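Bear in mind these aren't lab numbers, they're just calculated from the coordinates by the rules spelled out. Note that this is a predicted model, so its numbers are computed, not measured. Neighbour counts run over all protein chains shown; Cβ positions are idealised from the backbone, glycine included.
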Amino acid sequence: MIAFRYLSVLELIFLSIHYYDPCSFTLMEDPASCDYPSETRGADAEKQALAGRFDRQGTFSTNKTIPVIWGEFAVNRGQNVVRDPSSRILRMESVAEAALSRGMV
């Protein structure tokens, strides 16, 4: 006989994140009062900020035992401001690596 058990609500929860930071690089096409579109990314300060965000999210996931799925983290190619292809690749690889190295997908 197969034994079934009911799962608690907490066993069924996961957190799905759409990550488009910094918006000036990933999405923005036209200047706005808050920022200007940018073509490149990859400065050391940006890498440190990314690591800090993912460290906090990884700790949250572990402490709360809630799996995290980084569902969207693309970079717009841009029409008005065309993004540098190597910067786009670097940003997407960096986000994927940051998530995977902390046990998130």
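Here is how the numbers come out for the structure above:
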| read-out | value |
| --- | --- |
| At 0.692 mPa s and 37 °C, Stokes diffusion of the stretch 3-81 via Kirkwood alpha-carbon radius, µm² per second | 216 |
| About the Cα centre, charge dipole magnitude for the chain (Lys/Arg +1, Asp/Glu -1 at Cβ), debye | 420 |
| Footprinting exposure proxy for Phe14, Phe73, Phe25 (fewest neighbouring C-beta atoms within 10 Å first) | Phe14, Phe73, Phe25 |
| Fewest-first ranking of Leu12, Leu100, Leu90, using other Cβ atoms within 10 Å as the exposure measure | Leu12, Leu100, Leu90 |
| Angle in degrees between helix 85-100 and the longest Cα principal axis of the chain, rounded to the nearest 10 | 20 |
| Angle between the chain longest axis and helix 44-64 axis [Cα atoms, degrees, rounded to 10] | 10 |
| Ranking of Cys23, Cys34 by count of other Cβ atoms within 10 Å, fewest first | Cys34, Cys23 |
| Local net charge near Ile66, Cβ-Cβ under 14 Å (Lys/Arg +1, Asp/Glu -1) | +2 |
| Percentage relative contact order, the chain, counting C-alpha pairs under 8 Å, at least six apart | 36 |
| Within-10-Å neighbourhood charge of Arg83 [Cβ basis; K, R +1; D, E -1] | +2 |
